[in-house]
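Take a look at the structure below.
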2 protein chains.
Amino acid sequence: MPTLEDVAKLAGVSGATVSNVLRQRGAASAATIAKVQQVARDLGYRPNLVARALAERRSPTIAVFFTNILNPFYSEFAFAAERAARRREHFLLICNAATPEGSLDTAYLNAVAGRLAEGLIVLGSDLGKQSLLAMLPAGVPVVLSTWEETDMYPTVPCVTVDFHKAGQLAGAHLAELGHRRIGIVAGSEHPEIVGDVAHHARLAGLRKSLAAYDVTVPSPRLQIGSDSIEGGRLATNRLLDLDPTVTAIAATNDLLAIGALQAAAERQIRVPDSLSVIGLTGIWMSAQVRPALTTIDIATASLADGSVNLLLDLIDDPATVPASALRVVGTPALVRRASTGPPAR
Amino acid sequence: MPTLEDVAKLAGVSGATVSNVLRQRGAASAATIAKVQQVARDLGYRPNLVARALAERRSPTIAVFFTNILNPFYSEFAFAAERAARRREHFLLICNAATPEGSLDTAYLNAVAGRLAEGLIVLGSDLGKQSLLAMLPAGVPVVLSTWEETDMYPTVPCVTVDFHKAGQLAGAHLAELGHRRIGIVAGSEHPEIVGDVAHHARLAGLRKSLAAYDVTVPSPRLQIGSDSIEGGRLATNRLLDLDPTVTAIAATNDLLAIGALQAAAERQIRVPDSLSVIGLTGIWMSAQVRPALTTIDIATASLADGSVNLLLDLIDDPATVPASALRVVGTPALVRRASTGPPAR
DNA sequence: CTGTTAGCGCGTTCAT
DNA sequence: ATGAACGCGCTAACAG
């Protein structure tokens, strides 16, 4: 592979000039520009980005830590984040952060702190608090995103959405439709631990809005499952076994809601005629299932976009970033589709 | 951020010794080992991976080019690839290669060739042939994966599966169940172009196996849609409008098949009683939908694993890699689930 | 067992 | 407008 020097020699100029010409800095005579470009093309020269990163003390990559990229929600985030990063001439390193111990992977964090990536976006709820906090003093730019508890780390930049509000919207929608016997299917990252629930804020919001209608959700009507379609299906089956009288189910995310839809289908329960189902987050698939899922949209792509841009702004020049940009909390919105309606009677 | 030199000075040794101690190379007295480690810890030293990469002329990252990470198939590949890479102490750069023009993104390729990643896995069917071929002479290690046409680039290392065989298995399964009026829903990356089909090998295999049973698939029974659930649903609806007599549908991938399932559900057609549906690839979701989808499993995770390991082997030492490892073609397998059965009559 | 020297390939002064 | 020299932080080869 040819280097800068190779080009310089063949073009009869110095390395500095080649650098200037190729990066369009400074000025150079039309003749040398042509010459250098010609030689570079002939040689198939490509700048060594590693060397450049070392010299510039910057790296063209940022990293994003998920719990699980198999979850479509995270895929969508990754997709949007990659596009946003690319628009800013950056690459995206993906890191599945979840380890058996459930904490952020230290090797990964160290690598990032080792300037492999010049910044880091951490998604998820209550993942790896410790290791993450240990990281921050190291001066690595970090942006939290889609964080469930908005105020867990008040000092860390965060782009998220009001999950409490999202839960409220879901609850209010069902209650306003007239539902009173409502079940909840909630997700857990450790379903093997009895009572472990991941989506605290959504749940709290849900319960709060329902309380305004004097609706309570006793324990048999709250079922917890692993964060997947299958988990939602199983949880819903348990719920309906325990209490077949519920007329609506709110799930703390769309995957679980889709599982609920399937459980209903298996039991020949018509949605929304006999059972309403509402999800949360608004993944693409929620629009593609049948019946199409009513859900609370949190604009995942904007969150990804906002996270990447905030991170890169912070890296470019922290001083430029207004304090107000350090804590962005989006507003969720109800998306009415076909899976909810008034109760049968 | 402290550097190697900082540690060296404080520990009263040279940089080389610090490097040796920290990387456990060479030998050092117990005393200096302890000292160096102590100082490194106190300082919160983390090696600068960019500098290391420059010095070693290696980078700890590999890149994978997809067409679309929103497709669960690619997510699953990414998930497995990331794990495999990590086991070999590498990071994964994800690149959504699809551009509006449909070709591989040159900027991305150049970056990789710029040693940002030391190798590259390219997924997909007929994506970016030109740019990719232009890339190869540059000496960048490349592994093709999940490639539809096994022999398109005979000289490029490739880990894939026999898609032709996969198509055959799907067709044979339906035919053996007794189906004779069979529809096909095929995917396209450019559905706006009339007649554009992506999954050639699968289609050919499908047709071939059906021909053995004297089954042909005339044009109205072959519908093409965009590679998504929605695309499958729409294509299936067109197909059933044009010919309501089909008793089975083979889709060229699972997303399309899931769309077919939904189309059937909307039309109150019972699966598999009145209509059988078979998919291809075996994404996780295929097991989670209801009825669970019968499909042809291509062991995506193993493909990802194999691709990463082959690439890394090639990078470590091409001479070590036997020729037989340069072209791995996996064998697909039928997974019988609930969406297929004998025709009603 | 440890230190010295010499790069890795590029960007960046500061002269010229 | 152009070039020489130095530095980025680390590893490798050799010397002691």
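The values are calculated or read from the model by the stated rules, or taken from the named source; none is laboratory data. Just so we're clear, the structure is a prediction, and the values are computed from it rather than from any experiment. Positions of Cβ are backbone-derived with ideal geometry, glycine not excepted, and every protein chain shown enters the neighbour counts. To get the accessible areas, we keep the full protein, side chains included, count just its heavy atoms, and leave off ligands, DNA and RNA. Shrake-Rupley method; radii C 1.70, N 1.55, O 1.52, S 1.80 Å.
Quick one: ranking B:148, A:176 by accessible area, 1.4 Å probe, largest first, what do you get?
A:176, B:148
Take every DSSP beta bridge with both residues inside chain B and express the antiparallel ones as a percent of the total, to the nearest 5.
Within chain B, antiparallel bridges account for around 10 percent of the total.
Explain nothing, just compute: Karplus ³J(HN,Hα) = 6.51 cos²θ - 1.76 cosθ + 1.60, θ = phi - 60°, for every residue of the stretch A:303-319 in order, whole Hz, x for Gly and Pro.
Values, residue by residue: 4, 5, 4, x, 5, 4, 5, 5, 4, 5, 4, 4, 6, 4, 6, x, 5 Hz.
If you stretched the chain out fully between residue A:243 and residue A:336, how much longer would it get, using 0.36 nm times the residue separation minus the C-alpha to C-alpha distance?
Contour length minus the Cα-Cα distance gives 30.9 nm.
Would you please give the FRET efficiency between residue B:196 and residue B:16, computed as 1/(1 + (r/R0)^6) with r the Cβ-Cβ distance and R0 = 51 Å, to the nearest 0.05?
After rounding to 0.05, the efficiency reads 0.30.
On average, how much accessible surface per residue is there in the protein assembly as shown, in Å², for a 1.4 Å probe, leaving out ligands, DNA and RNA?
40
Counting Lys and Arg as +1 and Asp and Glu as -1, what is the net charge of the other residues whose Cβ lies under 12 Å from the Cβ of residue B:213?
Net of charged neighbours comes to +2.
Can you list residues from other chains, or at least 5 along the same chain, whose modelled amide H is less than 5 Å from the amide H of residue B:144?
Under 5 Å from the amide H of residue B:144: B:122, B:158, B:159.
Run the accessible area of the stretch B:195-246 with a 1.4 Å probe and give the carbon-and-sulfur part as a rounded percent.
56
In a shell of Cβ-Cβ distance under 14 Å around residue A:258, excluding residue A:258 itself, what net charge do Lys and Arg (+1) and Asp and Glu (-1) give?
0
When only the heavy atoms of the protein chains count and the probe is 1.4 Å, how do A:82, A:230 rank by accessible area, highest first?
A:230, A:82
Once you've got the GNM for chain B with C-alpha springs shorter than 10 Å, pick whichever of B:27, B:175, B:113 has the biggest mean-square fluctuation.
Taking springs between Cα atoms under 10 Å, the residue moving most is B:27.
Restricting to lysines 8 or more places apart or on different chains, can you count the pairs in the protein assembly as shown with Cα atoms under 21 Å from each other?
The result is 4.
Grab the DSSP H runs of the protein assembly as shown that are 4 residues or longer, score each as -39,500 (n - 2.57), total them, divide by all residues and round the 222 nm result to the nearest 500 deg cm²/dmol.
It lands at -13000 deg cm²/dmol.
For the protein assembly as shown, what proportion of DSSP beta bridges, expressed in % and rounded to the nearest 5, is antiparallel?
Around 10 percent antiparallel, to the nearest 5.
To the nearest 100 Å², how much accessible surface do chains B and A hide from each other in total, with a 1.4 Å probe?
What B and A bury together is about 4900 Å².
What order do A:200, B:190 take when sorted by accessible area (1.4 Å probe), most exposed first?
These residues rank, largest area first, as A:200, B:190.
What residue among A:37, A:168, A:268 shows peak mean-square fluctuation when chain A is described by a Gaussian network model with Cα springs under 10 Å?
A:37
With every protein chain left in place and a probe of 1.4 Å, what is the accessible surface of residue A:165, to the nearest 10 Å²?
Accessible area, nearest 10 Å²: 80 Å².
Quick one: pull the percentage of alpha-carbon pairs in the stretch A:183-227 with a separation above 13 Å.
In whole percent, the long-distance tail amounts to 54.
Leaving out ligands, DNA and RNA, what percent of the accessible area of the stretch B:4-47 is carbon and sulfur, probe 1.4 Å?
51
Taking a spot 7 Å from the Cα of residue B:273 along the direction of its beta carbon, which residues of the stretch B:315-345 have an amide N less than 16 Å from it?
Counting only backbone N, you get B:338-345.
How much solvent-accessible surface does residue B:243 expose, in Å² to the nearest 10, with a 1.4 Å probe and all protein chains in place?
20
When Lys and Arg each count +1 and Asp and Glu each count -1, what net charge do the other residues less than 13 Å away from residue A:158, Cβ to Cβ, add up to?
Result for the local shell: -3.
Any chance you could check the stretch A:254-279 for residues losing 10 Å² or more of accessible area when the partner protein chains are in, compared with the chain on its own (1.4 Å probe)?
A:262, A:266, A:268, A:270
Using a 1.4 Å probe, how large is the accessible area of residue B:194, given in Å² and rounded to the nearest 10?
140
Tell me the carbon and sulfur percent of the accessible area for the stretch A:286-345, rounded to whole percent, probe radius 1.4 Å.
Whole-percent figure for carbon plus sulfur exposure: 57.
Once you've got the GNM for chain B with C-alpha springs shorter than 10 Å, pick whichever of B:209, B:188, B:29 has the biggest mean-square fluctuation.
Residue with maximal mean-square fluctuation among B:209, B:188, B:29: B:29.
Please find the FRET efficiency linking residue A:316 to residue B:32, where r is the Cβ-Cβ separation and R0 is fixed at 60 Å, and quote it to the nearest 0.05.
0.90
Take the alpha carbon atoms of the stretch A:207-256, find their center, do the same for the stretch B:139-199, and report the distance between the two centers in whole angstrom.
Result: 41 Å between the Cα centres.
P(r) for chain B: what percent of alpha-carbon pairs falls in each 20 Å bin, starting at zero?
Reading the bins upward from 0: 28, 44, 20, 8, 0.
Kindly tabulate the residues in the stretch A:283-312 with an accessible-area decrease of at least 40 Å² between the chain alone and the assembly of all protein chains, using a probe of 1.4 Å.
A:285, A:288, A:290
Once Rh for the protein assembly as shown is found with the Kirkwood sum over Cα pairs, what is the Stokes-Einstein diffusion coefficient at 4 °C and 1.567 mPa s, in µm²/s?
Diffusion coefficient, whole number: 47 µm²/s.
Out of all Cα-Cα pairs in the stretch A:163-298, roughly what percent, to the nearest whole number, are more than 27 Å apart?
For the stretch A:163-298, the fraction of Cα-Cα distances above 27 Å is 7 percent.
Mind jotting down the distance between the C-alpha centroids of the stretch B:266-282 and the stretch A:262-327, whole Å?
Using only Cα atoms to place each centre, the spacing works out to 29 Å.
Peptide B:42-50: average number of partner chain Cβ atoms within 10 Å per residue?
Averaged over the peptide's residues, the number is 6.
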